[in-house]
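The values are calculated or read from the model by the stated rules, or taken from the named source; none is laboratory data. These figures come from a predicted structure and were not determined experimentally. Glycine also receives a Cβ, built like all others from the backbone with ideal geometry; neighbour counts cover every protein chain displayed. Heavy atoms of the whole protein, side chains included, go into the accessibility calculation; ligands, DNA and RNA do not. Shrake-Rupley method; radii C 1.70, N 1.55, O 1.52, S 1.80 Å.
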Amino acid sequence: MSADNRKHRRYAVELAAEVEIRGETIVASTQNVSAGGVGLIVDREVKEGSELAVTLFLTQDGIEDPDENPFEAKAIVAWTAVQDAGTWIAGVRFAKVSPSQSKQLERFLGKLDPG
């Protein structure tokens with residue numbers, strides 16, 4: 001899907017993250033974040049179609065925001081690709097986001113948007 005056809009604007013931001021898949025928690029980071037999903041960088045392959053739990057540690061000016069709880073949501077892996085250094089990138093879409101979770105993410109993304 002081209003950037004012009006995407007439903008949600010992507011923000012290039014690197015955040016610390018955790019991914020729980022099949023009962024195992026792995027450390028990850030983000031390549032980008034949108035209201036509908038996230039690009040995750042992980043140290044192992046995750047299968048397309050897998051359901052996982054994502055935790056994003058929201059930051060303000062590069063420091064974890066003490067006024068915000070981590071953003072947590074269920075997600076589905078839409079696609080994966082291997083990277084040069086033996087890491088994987090996984091595009092995931094949020095599957096279940098409550099209105100309060102959506103507001104939390106919108107607040108965070110709004111701080112990234114200069115306009």
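Overview of results
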item	result
Only listed residue being part of a strand (DSSP E or B), open to solvent by 30 Å² or more (accessible area, probe 1.4 Å) and of a type in the set (Ser, Thr, Tyr), chosen from Thr25, Thr30	Thr25
One residue from Val42, Val19, Val46, Val38 being within 19 Å of Lys103 (Cα to Cα), of a type in the set (A, V, I, L, M, F, W, C) and buried (at least 16 other Cβ atoms within 10 Å of the Cβ)	Val38
Sole residue being of a type in the set (A, V, I, L, M, F, W, C), surrounded by fewer than 16 Cβ atoms within 10 Å (Cβ to Cβ), without any contact (Cβ under 8 Å) to a residue 60 or more places away in the chain and not in a strand (DSSP E or B), chosen from Ala85, Ala53, Ala81	Ala85
Given (1) exposed (fewer than 13 other Cβ atoms within 10 Å of the Cβ); (2) modelled with pLDDT under 90, index of the condition Asp65 fails	(1)
Glu106 vs. criteria farther than 15 Å from Tyr11 by Cα and not small (Gly, Ala, Ser)	no
Test result for Glu72, within 20 Å of Glu24 (Cα to Cα) and either open to solvent by 30 Å² or more (accessible area, probe 1.4 Å) or acidic (Asp, Glu) (or both)	yes
Residues located in the stretch 88-104, provided they are among the small types (Gly, Ala, Ser) and either on the phi > 0 side of the Ramachandran plot or open to solvent by 80 Å² or more (accessible area, probe 1.4 Å) (or both)	Ser100
Pairs where the first residue, in the stretch 10-24, is in contact (Cβ under 8 Å) with a residue 40 or more places away in the chain and the second is assigned to a loop (DSSP other than H, G, I, E, B) and open to solvent by 30 Å² or more (accessible area, probe 1.4 Å), C-beta under 9 Å, 6+ apart	Tyr11/Asp113; Leu15/Phe57; Ala16/Phe57; Ala17/Phe57; Ala17/Pro70
